[in-house]
Amino acid sequence: MVARDSTTPQAGSIPVTVLKGVGKKMAERLDRLGVSTVRDLLFYLPVRYQNRARLVALGALRPGMMVSVQGEVLHTEVKFGRRRMLLSTISDGTGQLVLRFFHFGAAQKSALARGVQVRCFGEVRAGANFLEMIHPEYHLLQPGEVLAEEQHLTPLYRVGEGVHQLTLRSLMAQALGYLRDGVLNDLLPGTIRRRFGLPPLTEALASVHRPPADTPLDLLDGFRHPAQRRLVFEELLAHHLSLRKLRTALRQHPAPLLKSDGRLAGQFLEQLPFPITAAQRRVWKEIRQDLQSPSPMQRLVQGDVGSGKTIVAVLAALQAVEAGFQAAVMAPTELLAGQHVTNFRRWLAPMGVEVAWLSGQLKAAEKKAMQHALSSGQAHLVVGTHALFQEQVIFSQLGLVIVDEQHRFGVHQRLALREKGRSQGGYPHQLIMTATPIPRTLAMTAYADLDVSVIDELPPGRAPVSTVALPDSRRDEVIERVGAACRAGRQAYWVCTLIEESEVLAAQAAGESAALLSEKLPDLAIGLVHGRMKPQERAPVMDAFKRGEIDLLVATTVIEVGVDVPNASLMIIENPERLGLAQLHQLRGRVGRGSRESSCVLMYHGALSEAAHQRLAVLRESGDGFLIAQKDLQLRGPGDVLGTRQTGLLQFRIADLQRDQDLLPDIAKAASLLLEQYPRQVMPLVERWIGERSQYGGV
Ligand code: ADP
Ligand code: MG
């Protein structure tokens, strides 16, 4: 082994083209697998392993087995049928096997001469007379030769176009040679490795690519082998550190001191028809403290659907306003933004607080007026969709950014909005609200750059939503039930879902349902909203529904987030099997907001798969968003739960948040240790695993 010193090149800067067999073309193909350096290759881990060391006697073979066998060639011949082929029969004394090749050369034929010992690996198939293997991997044995397969399990890598298993194995053999030369530093100090029981990096990599033949396969296949866990650990640690760094860097910047004596908040609370819950009060207090400190708040508020996050947002905004600053509220849909504007104006206009609305759909003149109101400081609060950071918006004094229902936005949008408010080297405070609660351990990794507050209490008097699942063959019955409920003074939603997020198709489906329902329930007032309608077309319908003039609202999932009509107490969801649990829970959260008994009918189509049954059962049995999120996570994995748009943050090479969850508490501890005791290791670790991707935010 070559001693490591500062002149040893590091694997991250050695291109794959140094390897034998990698030209320009192969380099491009490897690049598509995310492999462009020797380091990438070393971190390209096997997805499975095979034990080829164990030989199976030919007499014990059965069709379908993937096995290693060894035998002596009895005879080899070229056959001319419809296709030319090479047939070689081998025997080990217990039975015979035919090796069949369609592509072969003359050299291959003569090498498989009578009496030669051959070792093969492949799938056993039933042939006409004998069992056979088609194009097995094989190796001719020299007398006394010991094969690599006998010492190691054989790794299987994810292959790519033009990058075959054997290519990868041969490249890996070369890469492991570099590894032995010391091209990868162990970035985890010995004390940390020992504390968490992690093997050294070089050892770990060598054993994942070449596990000794006696390594238990199930350990490897479940990714529980210490060598694999060591690599997962390092990757998760790098991600965690990059977010922590982001957060520390942000804290270095000044933020406006939003001091107030709570006069506006007090006025607002006084005119509310209900007292706020203890949980709302606690979270408000946490936010107040952040806002009065000189570094930018980065706080995530998690609260189940209906827990009253809007009130908390308003309280935070009022603190900014009272301190002489502006607040911006970003909502994921125009519908929700519109609803916020209506509520905020109703609550705040009497207090002299001016609320602006920035919608992508405003007329040019209106937009100009709004922009002027914001840049002049005449407007104190602005509500909008992502148009808020896309359009030419200039704030006079932005002190606080609130992102509502953040799971609908990506990390990048959140950070972009924060950049937008940057002024004189300082950043506005940021409050992020979500109804998609994620388990704490996962939050530590996904949101390691944020502080977290939880509104863990619903306002009193909420009756749980009773939920049933019915097949849509009982549609008529369901329609009858909706009719009866509406005639008794209740209001209902009828939600149409689609697999693809195509609002065109969803709008069409909703239109058809509305027509059918109008025909069957002619005495009801039926409204329709979908994402293809302009906000000014949608608003009157929503308002009429809110005032109780519409009995039944047919809608697409545009109403999923935030829509708040407390008198609505019945919801029918068509094709619930198409949505994730968290999304269904959000939708269902539109009912059960008043004190009235509410119900939800999940009207599924056709026969449900076992998995779909399980998922719907979770919703029937629970109304607790945290529990539902946990189940959703188990059933679908974190990529889906956190929203695909966020995966920019959560793209791992090796780790899997679901599979490796149990490591997360240790990751947080190791990160703190490293930051305290080995701060110089932090950057190289982040660079190794995340590289340029860590730069978003630009702080
Ligand atoms: P979410 O957390 O889902 O955004 P909202 O803020 O929309 O919830 O609140 C849901 C409903 O509960 C609204 O009608 C709101 O006015 C009402 N609400 C909020 N806080 C309370 C409270 N403390 N007591 C009673 N009702 C409340
Ligand atoms: Mg809300």
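The values are calculated or read from the model by the stated rules, or taken from the named source; none is laboratory data. The model shown is predicted, which means the values in this text are computed figures rather than measured ones. Using ideal geometry, Cβ is built from the backbone for each residue, glycine included, and neighbour counts are taken over all protein chains shown.
Key figures
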| quantity | calculated |
| --- | --- |
| Top-ranked residue of segment 233-256 - restricted to ones that are closer than 16 Å to GLY426 by Cβ and small (Gly, Ala, Ser), ranked as modelled with the lowest pLDDT | ALA249 |
| Selection status of ALA349, of a type in the set (Gly, Ala, Ser), in a strand (DSSP E or B) and without any contact (Cβ under 8 Å) to a residue 40 or more places away in the chain | no |
| Filter result (modelled with pLDDT of 95 or more and within 14 Å of ligand 2 (Cβ to nearest atom)) within segment 268-308 | GLN280, VAL283 |
| Selection within segment 254-282 - out of contact with any Lys or Arg (no Cβ under 9 Å at 6 or more places or on another chain), closer than 22 Å to ASP624 by Cα and surrounded by 13 or more Cβ atoms within 10 Å (Cβ to Cβ) | ILE276, THR277, ALA279, ARG281, ARG282 |
| Unmet requirement for HIS253, which otherwise passes all of (1) in contact (Cβ under 8 Å) with a residue 60 or more places away in the chain; (2) part of a helix (DSSP H, G or I) | (2) |
| Which listed residue, of ASP632, ASP656, ASP640, is among the acidic types (Asp, Glu), modelled with pLDDT under 85 and not in a helix (DSSP H, G or I) | ASP656 |
| Pairs where the first residue, in segment 262-275, is within 13 Å of GLU322 (Cβ to Cβ) and part of a helix (DSSP H, G or I) and the second is more than 10 Å from ligand 1 (Cβ to nearest atom) and of a type in the set (D, E, K, R), C-beta under 7 Å, 6+ apart | ARG263/GLU322; LEU264/GLU322 |
| Residue in segment 414-421 that is out of contact with any Asp or Glu (no Cβ under 7 Å at 6 or more places or on another chain) and either modelled with pLDDT of 90 or more or in a loop (DSSP other than H, G, I, E, B) (or both) present | yes |
| Index of the failed condition, ALA568 passing every other in (1) under 23 Å from ALA435 (Cα atoms); (2) in contact with a helix residue (DSSP H, G or I) (Cβ under 7 Å, 6 or more places away or on another chain) | (2) |
| Residue in segment 481-496 that is closer than 28 Å to LEU362 by Cα, without any contact (Cβ under 8 Å) to a residue 40 or more places away in the chain and within 38 Å of the chain's Cα centre (by Cα) present | no |
| Residue that is away from ligand 1 (no atom under 16 Å from the Cβ), surrounded by fewer than 17 Cβ atoms within 10 Å (Cβ to Cβ) and at pLDDT 90 or above, where the choices are SER513, SER502, SER518 | SER518 |
| Qualifying residue in segment 546-564 (condition: buried (at least 16 other Cβ atoms within 10 Å of the Cβ), free of Cβ contacts under 8 Å to residues at least 24 places away in the same chain and within 16 Å of ligand 2 (Cβ to nearest atom)) | yes |
| Lone qualifier among PHE325, PHE344 - being of a type in the set (Phe, Trp, Tyr), within 15 Å of ASP564 (Cβ to Cβ) and in contact (Cβ under 8 Å) with a residue 24 or more places away in the chain | PHE344 |
| Identity of the residue in segment 306-341, assigned to a loop (DSSP other than H, G, I, E, B) and farther than 25 Å from ALA448 by Cβ, that ends up nearest to ligand 1 (Cβ to nearest atom) | GLY308 |
| Number of positions in segment 571-597 that are away from ligand 2 (no atom under 15 Å from the Cβ), surrounded by fewer than 24 Cβ atoms within 10 Å (Cβ to Cβ) and outside any helix (DSSP H, G or I) | 8 |
| Matching option when the condition is within 12 Å of ligand 1 (Cβ to nearest atom), closer than 14 Å to ARG462 by Cα and among the basic types (Lys, Arg), among ARG596, ARG588 | ARG588 |
| Cross-chain or 6+ apart pairs with Cβ under 6 Å, segment 220-240 first and in contact (Cβ under 8 Å) with a residue 40 or more places away in the chain, then assigned to a helix (DSSP H, G or I) and of a type in the set (Ser, Thr, Tyr) | HIS240/THR445 |
| Selected residue (criterion: farthest from ligand 1 (Cβ to nearest atom)) from residues of segment 460-480 that are in contact (Cβ under 8 Å) with a residue 60 or more places away in the chain and more than 21 Å from THR497 (Cβ to Cβ) | PRO464 |
| Any hit, segment 41-63, residues being surrounded by 14 or more Cβ atoms within 10 Å (Cβ to Cβ), out of contact with any Ser or Thr (no Cβ under 9 Å at 6 or more places or on another chain) and outside any loop (DSSP other than H, G, I, E, B) | yes |
| Residue in segment 360-379 that is outside any loop (DSSP other than H, G, I, E, B), touching a helix residue (DSSP H, G or I) at 6+ places or on another chain (Cβ under 7 Å) and at pLDDT below 95 present | no |
| Hits in segment 104-137 (condition: within 44 Å of the chain's Cα centre (by Cα) and modelled with pLDDT under 90) | GLU137 |
| Scan of segment 470-495 for residues that are crowded, with 20+ Cβ neighbours inside 10 Å and not β-branched (Val, Ile, Thr), ordered by number | CYS486, ARG490, GLN491, ALA492, TYR493, TRP494 |
| Flag for GLU28 being charged (D, E, K, R), at pLDDT 90 or above and in contact with an Asp or Glu (Cβ under 9 Å, 6 or more places away or on another chain) | no |
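Condition check ((1) surrounded by 13 or more Cβ atoms within 10 Å (Cβ to Cβ); (2) aliphatic (A, V, I, L, M); (3) closer than 18 Å to LYS420 by Cα) across all residues:
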{"site": "VAL353", "(1), (2), (3)": "yes, yes, no"}
{"site": "TRP357", "(1), (2), (3)": "yes, no, yes"}
{"site": "ALA379", "(1), (2), (3)": "yes, yes, yes"}
{"site": "GLY384", "(1), (2), (3)": "yes, no, yes"}
